[in-house]
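Working notes for the structure below.
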Amino acid sequence: MRVPLSSPDITEHEIQLINQVLRTRYLSIGPMIERFEGAMANYIGTKHAVGVNSGTAGLHLCIRATGVGEGDEVITTPFSFVASANCILFERARPVFVDIDPETLNVDAEKIEEKITPRTKALLPVHVFGQPCDMDKLIAIAAKYDLPVIEDACEAIGAEYKGRKAGTFGRCAVFSFYPNKQMTTGEGGVIVTDDEEWADLFRSLRNQGRGRDGGWLTHEQLGYNYRLDELSSALGVAQLERIEELLAKRDKVAQMYNELLADTDGVKVPCVSPQVRMSWFVYVVRLASGIDRDRVMARLEEKGVASRPYFSPIHLQPFYRQMFGFKEGDFPITEAVARSTLALPFHGNLDEESVEYVCDALGEIISQEA
Ligand SMILES: *Cc1c(COP(=O)(O)O)cnc(C)c1O
């Protein structure tokens, strides 16, 4: 058996809507992106949603909106996908990392205040693997120091913290629709915000710095081509119509894993805080210390089971070490977690037989390794 790491959930419904766009001949800046943005703002519960062509592009525009520049600092987590810190570098500001909570794997809110300096300009928490951060604490710190919060919600569409959706806590938030995410547009993302000025700014910046009512060749500011095209938007509309189904299917697979792995020695299943609704992005287990994670991965591969170390710490990426002098030991919890975590095959259409196969394979390998 071969079990892939992820797979998008595409039905005839998606295909039909995309075909409809192709027949209209409007492939960019048409009605479909507006329909997608309206549906997204409605789903998340924000006043505005601005479609962009990747989560990374969305994060970049959020950082642009804060106005940070050379020498400014933005507080974030080293345990994330590299884009959540790169967006800070795009504007020559400095990511200031705060180590994580070993259970939720999100930034440890208790350790943020000691990192705040007069140069701190924003907080950029990441809802890792679809579990919202401890937003009460984060928002309290942001209010105390008057800092905008940018939520990297790229992995957390539909997640909730104390009954409130991820993406509604910060000044703005970004969701990604890369094919391995809970819903996809191929490539794509969206920024959500209640702030009208920022929404206007995002719309201009994604569209080459054009003004709202200005001409096609009038550029009011330095902008980019970060537009989401009509085909991607159509895929987004169709996926968003099925979002609760998509999330429920993933939740069901996660619960299957939880049950099957509950008694496997040496394997710790994901820890979900009782105050959140998890939106399952990946299914990541932690192996007990002493088990060689990379050997387990190699042996899973031999059995046809794809897996991946999620994440490799950002501060230890070669160019971060070079730019900032980061080294092993700087963020010990992040590093210990990163050494022992393993993402197992995970998507909404993974059937029971495949989940059982993966769990049996993992159990067998672990019993031989331990
Ligand atoms: C996927 C992801 C991104 C980037 O999204 P892209 O759409 O791939 O650019 C950013 N941050 C996190 C935490 C992600 O998981």
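The values are calculated or read from the model by the stated rules, or taken from the named source; none is laboratory data. Keep in mind that this is a model prediction, so the values were computed, not measured. Cβ sites come from the backbone with ideal geometry, for glycine too, and all protein chains shown count toward neighbours. Side chains are part of the model used for accessible areas, which takes the heavy atoms of the whole protein and leaves out ligands, DNA and RNA. Shrake-Rupley method; radii C 1.70, N 1.55, O 1.52, S 1.80 Å.
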> (1) open to solvent by 70 Å² or more (accessible area, probe 1.4 Å); (2) touching a His at 6+ places or on another chain (Cβ under 7 Å): which one isn't true of Leu22, the others all being true?
Replying inline: (2)
> Just one of Glu103, Glu151, Glu155 is acidic (Asp, Glu), within 27 Å of Gln182 (Cα to Cα) and within 10 Å of the ligand (Cβ to nearest atom); which is it?
Replying inline: Glu155
> Any idea how many residues of the range 166-181 are hydroxyl-bearing (Ser, Thr, Tyr) and under 19 Å from Val282 (Cβ atoms)?
Replying inline: 2
> Under the condition of being open to solvent by less than 10 Å² (accessible area, probe 1.4 Å) and closer than 9 Å to Ile314 by Cα, which residue from the range 58-82 is farthest from the ligand (Cβ to nearest atom)?
Replying inline: Pro78
> What single numbered condition from (1) more than 17 Å from the chain's Cα centre (by Cα); (2) farther than 21 Å from Glu187 by Cβ; (3) open to solvent by 10 Å² or more (accessible area, probe 1.4 Å) fails to hold for Leu138?
Replying inline: (3)
>> Show the residue pairs meeting these rules: Cβ distance below 7 Å; 6+ apart or different chains; first residue within the range 120-145 and without any contact (Cβ under 8 Å) to a residue 60 or more places away in the chain; second residue acidic (Asp, Glu) and open to solvent by 60 Å² or more (accessible area, probe 1.4 Å).
In response: Ile141/Glu113
> Among the helices (runs of 4 or more DSSP H) confined wholly to the range 165-266, which include 3 or more residues that are over 21 Å from Asn42 (Cβ atoms)?
Replying inline: 196-206, 243-261
> Got at least one residue in the range 130-141 being within 16 Å of the ligand (Cβ to nearest atom) and touching a Ser or Thr at 6+ places or on another chain (Cβ under 7 Å)?
Replying inline: yes
> Given the conditions (1) assigned to a loop (DSSP other than H, G, I, E, B); (2) crowded, with 21+ Cβ neighbours inside 10 Å, which single one is not true for Val337?
Replying inline: (1)
>> If I filter the range 39-53 for residues that are over 19 Å from Ala238 (Cα atoms) and either surrounded by 20 or more Cβ atoms within 10 Å (Cβ to Cβ) or in contact with a strand residue (DSSP E or B) (Cβ under 6 Å, 6 or more places away or on another chain) (or both), do I get at least one hit?
In response: yes
>> Which of the numbered conditions does Pro118 fail, given that it passes all the others? Conditions: (1) open to solvent by 40 Å² or more (accessible area, probe 1.4 Å); (2) within 16 Å of the ligand (Cβ to nearest atom).
In response: (2)
> Could you count how many residues in the range 253-276 are of a type in the set (D, E, K, R) and crowded, with 20+ Cβ neighbours inside 10 Å?
Replying inline: 0
> Would the range 309-318 turn up any residue that is of a type in the set (A, V, I, L, M), modelled with pLDDT of 95 or more and either surrounded by 13 or more Cβ atoms within 10 Å (Cβ to Cβ) or closer than 20 Å to Lys111 by Cβ (or both)?
Replying inline: yes
> Here is a list of conditions, (1) under 20 Å from the mean Cα position of the chain (by Cα); (2) part of a loop (DSSP other than H, G, I, E, B), and Ala49 meets all of them except one; can you say which number that is?
Replying inline: (2)
